[in-house]
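Since the structure comes first, as structure tokens, the remarks are kept for the end.
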Amino acid sequence: MSQAQVEHEWMLPIRALVGKEYGRIYAWDAVNAPMIRHWCEMMGVTNPAYTDPTSAQAIERGGLIAPATMLQVWCMEGLKINNYPPGSTKENPYEALSMMEAHGLPSVVAVNSELTFERDVHLDERLYYSTRLDNIGPEKTTGLGTGYFVTLVMSFFSQKPQGDEKIGELLFRVFKFKPANPVKAVTAETPAIPKYKRPAPGMSDDTRFFWEGARAGKLLIQRCKACQILRHPPGPICSECHSFEWDTVTASGLGTVYSFVVAHYPEVPPFEHPNPIGLIELDEGTRLVAQLIGVTREEVKIGQRVKVEFNTFDDDLVLPQFRPLKG
Ligand code: ZN
């Protein structure tokens with residue numbers, strides 16, 4: 001901290017926590033081969049020292065070892081938050097961050113994380129870590145806002161009868177801050193739900209005819225002038241005869257659901273969810289992707305007869321959509 005900078009009074013008890021050691025968090029399981037194998041598979045790691053006990057590397061290193069970067073994995077809580085094994089501390093090693101929140105610094109962004117390894121970790125070792133609040137920097141203003149860089153260091157140990165051995169360290173630094181441009185509170189003047197526009201299709205010289213057709217209430221299909229083959233999506237060249245000459249035909253607008261998906265998540269405005277999207281096979285033979293309307297997700301069926309409808313969004317966007325025919 002520079003001499004000129006005055007510490008906020010509320011920061012004093014928080015800064016007094018610097019250097020505090022928080023209790024142990026134990027690992028649910030001893031270091032084990034299945035977890036190592038799953039991790040390697042997910043990460044695309046193929047070093048046989050981790051998975052093949054007969055490999056020269058594993059033998060040279062005294063048996064299978066865990067990838068060093070799995071350090072943090074062993075003592076994780078699992079899917080339930082704060083669900084640590086019996087004997088683990090109930091202390092909150094992030095209490096300094098909670099205290100800053102109470103003083104108007106709600107936001108957090110991870111800044112950096114550094115891992116240090118002391119030695120290989122072997123199967124059946126039982127690990128734990130403890131956390132130290134290592135440092136709180138002086139008050140800083142960045143592009144994000146004003147706050148403090150907070151550094152925590154987690155030290156990992158292996159339990160040994162002759163005395164626990166340190167195996168590595170994880171430094172974790174966050175910026176805890178008050179945002180420079182906080183999201184404005186919702187008032188009567190600002191609508192709670194902003195009106196999102198529907199994403200417009202990308203348009204090129206090859207596809208413009210299709211969207212202009214839709215605007216005119218026509219479902220147009222590109223046709224090769226040389227060999228008469230219909231094609232969709234539109235393109236500059238016929239895949240059959242390589243002719244660049246093309247015109248269009250107006251489709252009847254009738255077709256069947258060839259396939260479909262129903263989008264549930266993420267719920268992206270302005271779409272309603274669940275959002276059924278069909279791959280429609282037109283009676284003329286080409287297929288196109290379009291939203292299905294007037295049908296619930298339970299009602300959509302492959303082979304269902306559908307008819308095109310042109311609907312206008314955001315004043316000037318006309319999209320073909322398909323509605324199931326009754327009966
Ligand atoms: Zn052709």
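What follows is calculated from the coordinates using simple rules that are stated; it is not laboratory data. The shown structure was predicted, so the numbers you read here are calculated from the model rather than taken from an experiment. No Cβ is skipped: glycine too gets one built from the backbone with ideal geometry, and neighbour counts run over all protein chains shown.
Computed quantities for the displayed model
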{"quantity": "Length added when fully stretched, Lys197-Asp29, from 0.36 nm per residue minus Cα-Cα", "calculated": "55.5 nm"}
{"quantity": "Inter-part distance where segment 36-57 and segment 104-161 are each reduced to a Cα centre, Å", "calculated": "27"}
{"quantity": "Linear extension gain, Val262 paired with Arg323, 0.36 nm per residue minus alpha-carbon span", "calculated": "20.5 nm"}
{"quantity": "Those aspartates and glutamates that a straight Cα-Cα span of less than 13 Å connects to Lys218, excepting residues fewer than 8 apart in one chain", "calculated": "Glu309"}
{"quantity": "35 Å tail of the calculated P(r), the chain, as % of Cα pairs", "calculated": "56"}
{"quantity": "Cβ-defined net charge surrounding Ala290, 11 Å radius [Lys, Arg +1; Asp, Glu -1]", "calculated": "+1"}
{"quantity": "Summed side-chain charge close to Asp52 - residues other than Asp52 whose Cβ falls under 15 Å, Lys, Arg +1, Asp, Glu -1", "calculated": "0"}
{"quantity": "Most mobile of Phe260, Phe117, Phe157 in a GNM of the chain (Cα contacts under 10 Å)", "calculated": "Phe260"}
{"quantity": "Kirkwood hydrodynamic radius over Cα pairs of segment 9-179, then Stokes diffusion coefficient at 4 °C and 1.567 mPa s, in µm²/s", "calculated": "73"}
{"quantity": "Calculated FRET efficiency for the pair Arg215/Thr296, C-beta based, R₀ 41 Å, to 0.05", "calculated": "0.90"}
{"quantity": "Links that overshoot a 20 Å alpha carbon limit, given the list Lys90/Lys176; Lys301/Lys326; Lys20/Lys160; Lys20/Lys176; Lys140/Lys178", "calculated": "Lys90/Lys176; Lys20/Lys160"}
{"quantity": "Extension gain, Glu77 back to Ile237 (0.36 nm per residue minus Cα-Cα distance, nm)", "calculated": "51.9 nm"}
{"quantity": "Local electrostatic count, Asn112, Cβ distance below 13 Å [Lys/Arg +1, Asp/Glu -1]", "calculated": "-1"}
{"quantity": "Efficiency of FRET between Asp247 and Lys307 - r from beta-carbon atoms, R0 30 angstrom, step 0.05", "calculated": "0.80"}
